[in-house]
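Peer 1: One structure is given below, represented as structure tokens, and several questions about it will come after.
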Amino acid sequence: MGKWRKTLITHMLSLFNGVIYDDFVELRTKVAKTHYRIGLQSRRYSSAFQNVQNHL
């Protein structure tokens, strides 16, 4: 996951900056489609968010 660290940080920060524009929705859609394409199970995704929350 090392190569995705910067992408994850940018993604997480944008989720909570309070700004939702077309670019925001387009990027979320792209991320969701990628997760679907690679077969990322929703429980893995949810677990990752839980881990982030636990470290805040």
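The values are calculated or read from the model by the stated rules, or taken from the named source; none is laboratory data. Computed from a predicted model, the values in this text were never measured in an experiment. All Cβ positions, glycine included, derive from the backbone under ideal geometry; neighbour counts span all protein chains shown. Accessible surface areas use protein heavy atoms only, side chains included; no ligands, DNA or RNA. Shrake-Rupley method; radii C 1.70, N 1.55, O 1.52, S 1.80 Å.
Peer 1: Can you work out the accessible area per residue across the chain, with the rest of the protein chains kept in place, probe 1.4 Å, in square angstrom?
Peer 2: 95
Peer 1: With Cα Rg over 2.2 N^0.38 Å defined as stated, name the option among (i) 1.17; (ii) 1.81; (iii) 2.06 computed from the structure displayed.
Peer 2: (i)
Peer 1: While we're on this one: Suppose R0 equals 25 Å; then what is the FRET efficiency for Ile38 and His11 from their Cβ-Cβ distance, rounded to the nearest 0.05?
Peer 2: The value I calculate is 0.95.
Peer 1: Given a 1.4 Å probe and every protein chain left where it sits, what share in percent of the accessible area of the chain is carbon and sulfur? Don't jump to the answer; show the numbers that get you there.
Peer 2: On the way: 3160 of 5320 Å².
Solvent-exposed carbon and sulfur of the chain make up 59 percent of the total.
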